[in-house]
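Participant: Just dropping this structure here.
The values are calculated or read from the model by the stated rules, or taken from the named source; none is laboratory data. The model shown is predicted, which means the values in this text are computed figures rather than measured ones. Cβ placement follows ideal geometry from the backbone for every residue including glycine, while neighbour counts extend to all protein chains displayed.
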Amino acid sequence: MDNDAKILLVDDERGVRRSMEKTLLRAGFDVYTAEDTLSGLALFKEAQEEGEPFDLALLDLHMPNLEGEEDPNAGLKLLSKLIEIEPELRVVVLTAYDEVERAKEAISRKARAYFVKGRESELIDLIRTL
């Protein structure tokens, strides 16, 4: 993936979101952030409508869902919505824990990868590969 790729980052933890945003910006990516699934979905739809869609989405797994309630599967639900809108979208699901069953669920919903937070240099490599 080109360094000028447009990336949507959705994570409810402000510190994590800011840190990842800075890392992605330094790597040359065009990054847009959202703090929850509802604002992430809105940004995604807006970009689609403007004819400037995202190339990749990074979605936290556990955050408030589309109804605003804490949900350990909110990222998976958002993933399904985004893929419904753009079937070829490259999505990476982010999580704090390496859980095999949740990873399988993410992949079955068409995520391209399941990534444990905290290894930003490896995430940059993964993005470039996708």
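Participant: Being outside any helix (DSSP H, G or I), touching a helix residue (DSSP H, G or I) at 6+ places or on another chain (Cβ under 8 Å) and either of a type in the set (Val, Ile, Thr) or more than 26 Å from GLU67 (Cα to Cα) (or both) is the filter here; which residues of the stretch 27-40 pass it?
Facilitator: The answer is ALA27, PHE29, VAL31, THR33.
Participant: For a quick check of your reading of the model, give me the residue pairs whose first member lies in the stretch 37-56 and is of a type in the set (Phe, Trp, Tyr), whose second is assigned to a helix (DSSP H, G or I) and surrounded by 16 or more Cβ atoms within 10 Å (Cβ to Cβ), with beta-carbon atoms closer than 8 Å and at least 6 apart or on different chains.
Facilitator: If the second residue must be assigned to a helix (DSSP H, G or I) and surrounded by 16 or more Cβ atoms within 10 Å (Cβ to Cβ), the pairs left are PHE44/LEU82; PHE54/PHE44; PHE54/ALA47.
Participant: If the requirement is being assigned to a strand (DSSP E or B) and either of a type outside the set (Phe, Trp, Tyr) or without any contact (Cβ under 8 Å) to a residue 24 or more places away in the chain (or both), which of these qualifies: LEU24, LEU76, LEU94?
Facilitator: Step by step, each of LEU24, LEU76, LEU94 is checked, and only LEU94 is assigned to a strand (DSSP E or B) and either of a type outside the set (Phe, Trp, Tyr) or without any contact (Cβ under 8 Å) to a residue 24 or more places away in the chain (or both).
Participant: Where residues in the stretch 81-109 are among the small types (Gly, Ala, Ser) and surrounded by 14 or more Cβ atoms within 10 Å (Cβ to Cβ), which of them is modelled with the highest pLDDT?
Facilitator: ALA106
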